[in-house]
1. Check off (1) open to solvent by 70 Å² or more (accessible area, probe 1.4 Å); (2) closer than 21 Å to residue 231 by Cα for residue 354 and give me the number that stays unchecked.
2. Would it be correct to say that residue 261 is of a type in the set (S, T, N, Q), surrounded by fewer than 24 Cβ atoms within 10 Å (Cβ to Cβ), more than 16 Å from the chain's Cα centre (by Cα) and in a helix (DSSP H, G or I)?
3. Give the residue that is nearest to residue 258 (Cα to Cα), with candidates limited to residues of segment 129-162 that are at pLDDT below 95 and out of contact with any helix residue (DSSP H, G or I) (no Cβ under 9 Å at 6 or more places or on another chain).
4. Of the residues that sit in segment 269-286 and are surrounded by 21 or more Cβ atoms within 10 Å (Cβ to Cβ) and out of contact with any Asp or Glu (no Cβ under 9 Å at 6 or more places or on another chain), which one is farthest from residue 363 (Cα to Cα)?
5. Kindly indicate whether residue 113 is part of a loop (DSSP other than H, G, I, E, B), over 14 Å from residue 237 (Cβ atoms) and not basic (Lys, Arg).
6. Give the residue, chosen from 521, 545, that is modelled with pLDDT under 90, of a type in the set (A, V, I, L, M) and touching a Cys at 6+ places or on another chain (Cβ under 9 Å).
7. Of everything in segment 362-398 that's open to solvent by 30 Å² or more (accessible area, probe 1.4 Å) and under 20 Å from residue 222 (Cβ atoms), which residue is modelled with the lowest pLDDT?
8. Which residue pairs have Cβ atoms closer than 6 Å, lie 6 or more positions apart in sequence or on different chains, and pair a first residue in segment 330-357 that is in contact (Cβ under 8 Å) with a residue 12 or more places away in the chain with a second residue that is open to solvent by less than 30 Å² (accessible area, probe 1.4 Å) and charged (D, E, K, R)?
Amino acid sequence: MTNPYNTNLDKNSANYQPLTPISFLERAADVFPNHTAIIHGSLKQTYSDFYLRSKKLASALIKKNISRGNTVSTLLLNTPAMLEAHYGIPMCGSVIHAINTRIEASAIAFQLDHADSKILIFDKELSSLVNEALSLVKSLPILIQYNDTHCDYSDSNASVNHEVIDYENFLETGEDDFQWLMPEDEWDAISVGYTSGTTGNPKGVVSHHRGAYLLAQGNALVASMEKYSVYLWTLPMFHCNGWCFPWTMSTIIGTHICLRQVRAESIWNAIKENDVTHLCGAPIVMSVILSLENKDQYKSDKEINFFTAAAPPPESVLIDMKHAGFNVTHLYGLTETYGPAVINEWHSDWNALDSSSQATLKARQGVRYLPLEGLDVLDPKNMKAVPRDGKTIGEVMFKGNIVMKGYLKNKKANDEAFLGGWFHSGDLAVLHEDGYIQLKDRSKDIIISGGENISSIEIEEVLSQHPNIISAAVVAMSDEKWGERPCAFIEMKTNTNITEDEASNWCKAKLAGFKVPKKFIFEAIPKTSTGKVQKYILRKRAESIFLSKSV
């Protein structure tokens with residue numbers, strides 16, 4: 001039988017347009033042209049100027065023969081140029097490749113070659129890193145240098161050993177009345193971002209216009225962001241395209257407060273001067289915020305929303321952040337899900353609980369984001385959901401429009417990632433009775449001791465509750481009897497101390513005996529440039545300790 005709702009009711013230019021977050025800036029400039037879009041040092045830029053400069057960037061790129069499907073890379077700090085790049089680059093149909101400014105030159109060179117980058121827009125302060133990376137590339141991109149004149153910063157005076165174009169001069173070659181290009185299909189790529197690549201080369205995660213559009217709106221709705229909110233950039237914009245917040249802020253006519261570096265006094269000054277309402281970052285950013293001794297004099301009259309990902313912060317940090325005027329919400333996601341795809345939605349009746357109970361609830365990753373269609377914890381062997389008992393471990397899997405297109409030039413990885421019609425995260429978790437997920441480990445980080453699965457995250461959470469411990473990381477150490485036993489690496493707070501026996505007794509009081517680490521090592525914990533613990537280094541360290549005692 002013919003469906004009457006599909007007969008003579010076709011898509012046309014009047015009733016269908018591809019979804020793209022670029023349209024958010026166009027509307028903001030059209031409806032609120034004089035509202036402040038960006039504040040950076042001495043600069044205040046309106047939405048009208050923001051839109052014009054983004055269009056000129058797109059036009060200038062086209063004059064350099066950049067076309068649909070080409071890659072334009074950025075090596076920029078959290079500056080206005082980075083915001084303009086998030087609109088101007090896709091406005092000409094090309095793909096933005098935001099490079100982590102903290103990684104080594106060899107990794108940058110690999111990414112530039114792998115993504116076939118045609119142009120690199122870089123910050124002058126990073127010239128030495130650019131020089132080193134360009135000495136390793138197979139094909140030299142066109143170089144555009146951004147010289148930040150709006151705030152004071154430490155400039156090494158280094159210069160690049162190749163011809164460069166000044167960013168402002170480059171924009172002047174663009175046309176004021178340029179008509180930016182809609183994507184031919186909302187499935188077209190808008191960005192490519194690379195995974196950490198702790199073993200082997202990183203994978204290029206390709207995202208599309210549709211997903212970016214939906215997550216950008218989802219951020220505003222899930223975070224309850226009011227119109228004219230003020231967002232402080234403590235999260236690197238290179239990280240999952242700033243979790244799509246460069247596009248989110250245009251939906252709510254918000255104001256971006258740029259920061260070149262995350263420093264305690266800079267953050268508190270920005271909060272006081274600009275009436276900041278929202279900011280995001282890894283747990284280390286909370287430590288930076290709390291490190292300022294005279295922070296009470298900067299404290300806002302209104303509660304500020306802080307969104308964090310990675311490992312859940314210790315209870316003491318949550319309490320300190322609350323006293324400092326911040327409401328902390330835990331998010332979870334991956335580069336492959338455009339950033340946050342899971343949120344710890346807070347129930348009003350939880351406000352009546354004591355701080356310890358609240359911290360336990362806040363430690364859970366939560367439930368699916370508004371624009372995510374499917375989230376579950378499945379047994380990867382049979383693809384069936386684990387019971388909602390808070391105990392049975394399975395793999396976190398995603399399904400929906402904010403899951404990546406796939407990995408660039410990597411069919412094998414794509415086939416593995418999308419096996420069974422779900423995106424396999426590689427993260428292990430339990431599912432609670434109320435449907436909230438809680439991470440327990442990465443699949444490669446689970447410790448199997450005498451046939452028992454041990455969550456390294458569970459032990460880390462217990463250790464982090466100790467008043468003298470600032471952070472902990474747990475990995476497997478070989479054991480002649482049990483196969484593997486946990487090994488704990490511990491960083492202590494300044495001017496405090498804890499012995500191995502004290503750490504062991506602390507764990508014994510809170511964990512089953514087989515979960516108590518075999519060894520406690522007190523030293524600095526290595527982390528990636530985005531704050532992730534480099535457990536592969538710790539595994540090697542633990543194994544070397546085991547072998548040295550076995551000889």
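1. (2)
2. Judged against the criteria, residue 261 is not a match.
3. Per the stated criteria, the residue is 151.
4. Residue satisfying both the conditions and the ranking: 270.
5. no
6. Of 521, 545, the one residue that is modelled with pLDDT under 90, of a type in the set (A, V, I, L, M) and touching a Cys at 6+ places or on another chain (Cβ under 9 Å) is 545.
7. The residue in question is 362.
8. Final answer for the pair search is 344/364.
The values are calculated or read from the model by the stated rules, or taken from the named source; none is laboratory data. Just so it is clear, the model here is predicted, and its values are computed rather than measured. Note that we place each Cβ from the backbone using ideal geometry, even for glycine, and neighbour counts take in every protein chain shown. To get the accessible areas, we keep the full protein, side chains included, count just its heavy atoms, and leave off ligands, DNA and RNA. Shrake-Rupley method; radii C 1.70, N 1.55, O 1.52, S 1.80 Å.
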